[in-house]
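No value in this document is a laboratory result; all are computed from the given coordinates. Since this is a predicted model, take the numbers as computed values, not measurements. Note that each Cβ is placed from the backbone with ideal geometry, even for glycine, and that neighbours are counted across all protein chains shown.
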Amino acid sequence: MDHEKYSDDYIKGILDDTRIIAMVGASANQSRPSYFAMKYLQAKRYRVIPVNPGQAGNKILGETVYATLDDVPEKIDMVDCFRSADAIPALAEDAVRLGAKVLWMQLGIVSEKALNVAEDGGLKVVMNRCPKIEYGRLSGEIGWLGVNTGVISSKRVRRIGP
């Protein structure tokens, strides 16, 4: 698979088969992307379990925060990584050991080493993408906002009236 381009069917299959997401690097700060992503995915009926050692024992959006993936008491379908690329190979090893189905690296995160670890362990891998954005794009929600409509135009809108 070309890990720069993923088919819509590949992404949709992952999103359809996922129920429980461990979000590594989840933040309690409402202005952080991980907070927005967690809130959105919860609204789409995913169970999102935050993993952040600095917040362990606290709650983010009603979910208890765990220090590590090993501490999460649920069976994880997807490990969604809001961490730098150098931290991802160890998370890939954890994801394989815990029997996750997917290792997902957020926008701007690419790790060939993590890719190899995860794929060798039987996981599907997505790099440099956001599940929130992909869900919105594939469900058509982003299109409702005028994005991803497939229409490209440089025509200036003509105004009528004063």
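Go through LYS59/LYS124; LYS12/LYS39; LYS12/LYS44; LYS75/LYS132 and tell me which ones have a Cα-Cα distance over 24 Å in this structure. Display every interim value, and only then the final one.
Values: LYS59/LYS124 29 Å; LYS12/LYS39 20 Å; LYS12/LYS44 14 Å; LYS75/LYS132 21 Å.
Beyond 24 Å between Cα atoms: LYS59/LYS124.
Neighbour counts of other C-beta atoms within 10 Å: give me ARG97, ARG47 arranged from fewest to most.
ARG97, ARG47
Can you put THR68, THR18 in order of Cβ neighbours within 10 angstrom, beginning with the fewest?
Ascending number of Cβ neighbours within 10 Å: THR68, THR18.
Using the reciprocal of the averaged 1/r over all distinct C-alpha pairs, how large is the Kirkwood radius of region 8-144 in Å?
Working: mean 1/r = 0.0681 Å⁻¹.
One over the average 1/r among Cα pairs gives 14.7 Å for region 8-144.
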